[in-house]
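The values are calculated or read from the model by the stated rules, or taken from the named source; none is laboratory data. Since this is a predicted model, take the numbers as computed values, not measurements. All Cβ positions, even for glycine, are placed from backbone atoms using ideal geometry, and neighbour counts span all protein chains on display. Each accessible area value is taken on the protein alone, full model and side chains, heavy atoms only, with ligands, DNA and RNA left out. Shrake-Rupley method; radii C 1.70, N 1.55, O 1.52, S 1.80 Å.
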Amino acid sequence: MPFLKPYKEPRSRILERTTRKNGLRHAIFNIKGDKYIGEWKNNVRHGKGSYLSKKKRLYEGDWVNGLKHGYGVLSQVLDDGTFVLLYEGDWVKGKPEGVGRKHYPREEYYEGEVKAGKRHGHGRMWYADGSFYDGFWVDDMKDGLGLYVASNGNRYEGYWRADRKHGYGEYYHLDSGQMQFGLWNQGIAVCTNMRDIMFRQASQQPTPYPIPEVELLDPELVYETEYNRIATEQVEPEPEVVEVFSVSPGPSLSPWFYVDCCDRVFPPRY
C-alpha cells in the first residue's frame, strides 16, 4: 500500500497570503507612482485613507471596495507644497455625487447638489465678479427656476434653460428703479413689459420721470363689445399665425411668442 504524501502548500501561495493587505498600511506604491496610506480589506482600499496620484491630486476620505465612496476631500498639490482645494463632499463609486462644495479658479465656488462630478440639482454659485446665482442646475448649467444677482445689484428671478434666461422671468433694474417682466427665449427678451418699482427715487440712477400707467379709457365698452362678439359667434376662429423671420444673427423667434403672448397685456403681479 503506497504511503500518502502530506500536502505541502506552494511557497507562492504562502507569500501571497502573507502579503495580502488587510487593516492599516503605512504606504503602498503602485507602478504608476501613486501612493496610498490607509486601511485595506482583502487587498483593496477600504475604510479611511489618503491617495496621492502622480499628477499631485490628493484625496483624503472614505473608500469602499477600492473606490472613493462616502465623504472625501480632493486637493491639488502645487510645486511649492501648498494645497488648492478642489472639492469637498459626498462621493459615490469614485465620482463626486450628492451634496458638496466645488472650488474654481479666481476664488469662485459652488455649494449644493452634485451628480457625476457636475453641478446638478439645487445649488448656489459665487462668481469672481461679485455676482451670485441660487437655483437649479442640469448637467453643469443653469436650468429651471433660479435667482441671479449681477455684480451691480440688478437681479433676475425666473426660468433658465442651458445657462440662458428662458421662459417667464422678472428682471429688476435696481440701478434705475424699474422692473422688466415677461418672456425670454434663449437669453433674449422677446415679450416683456416695464413698470416702476417701489422707492424708485432711492435707486442709484433713477429715471427722470415715472412710467405712466396704461389703462383703457372705457373698459365697460370693451367688455360689452367682446361679450357681444363671443355670443354671436358659435365657433371661435383659429388665430392666424404669420411666419416671423429674425434678421438678427441670434436664434429665430417662434411665432407663438407673438400670437399667444405679445397680443395681450401682462397683468400686474404685485
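Determine the gain in length on full extension of the stretch Tyr227-Asn22; use 0.36 nm per residue of separation and subtract their C-alpha separation, reporting nm with one decimal.
Numbers: separation 205, 0.36 × 205 = 73.80 nm, distance 8.40 nm.
Computed gain between Tyr227 and Asn22 is 65.4 nm.
Note on surface exposure: Tyr59, Tyr227 rank Tyr227, Tyr59 by accessible area, highest first, 1.4 Å probe.
With R₀ set to 51 Å, the beta-carbon distance separating Arg57 from Ile188 gives a calculated FRET efficiency near 0.80.
For the pair Thr207 and Tyr104, the difference between a 0.36 nm per residue extended length and the Cα-Cα distance amounts to 33.3 nm. For the set Lys41/Lys142; Lys35/Lys115; Lys41/Lys95, the pairs lying more than 32 angstrom apart at their alpha carbons are Lys41/Lys142. Residue-wise HN-Hα couplings along segment 109-120, as the Karplus relation 6.51 cos²θ - 1.76 cosθ + 1.60 with θ = phi - 60° gives them from phi, are 8, 10, 9, x, 7, 9, 9, 6, x, 10, 5, 7 Hz; Gly and Pro carry x. Distances between placed amide hydrogens fall under 5 Å for His122 paired with Glu113, Trp137, all partners being 5 or more residues away or on another chain. Values of log10 I(q)/I(0) for segment 72-198 across q = 0.20 Å⁻¹ run -1.08, by the Debye formula with one identical scatterer at each alpha carbon and no solvent.
For Glu60, the solvent-accessible surface with a 1.4 Å probe is about 90 Å², rounded to the nearest 10.
Computed over neighbours whose Cβ is under 11 Å from that of Asn185, the net charge equals +3, Lys and Arg +1, Asp and Glu -1.
Extension gain for Asp134-Lys35 works out to 31.8 nm (0.36 nm per residue, less the C-alpha to C-alpha distance). The HN-Hα couplings worked out from phi for segment 179-187 by the Karplus form 6.51 cos²θ - 1.76 cosθ + 1.60 (θ = phi - 60°) are 10, 10, 9, x, 10, 10, 10, 6, x Hz, whole numbers, x standing for Gly and Pro.
Keeping every protein chain in place, order Asp218, Asp129, Asp143 by accessible area at 1.4 Å, biggest value first, i.e. largest first.
Asp129, Asp218, Asp143
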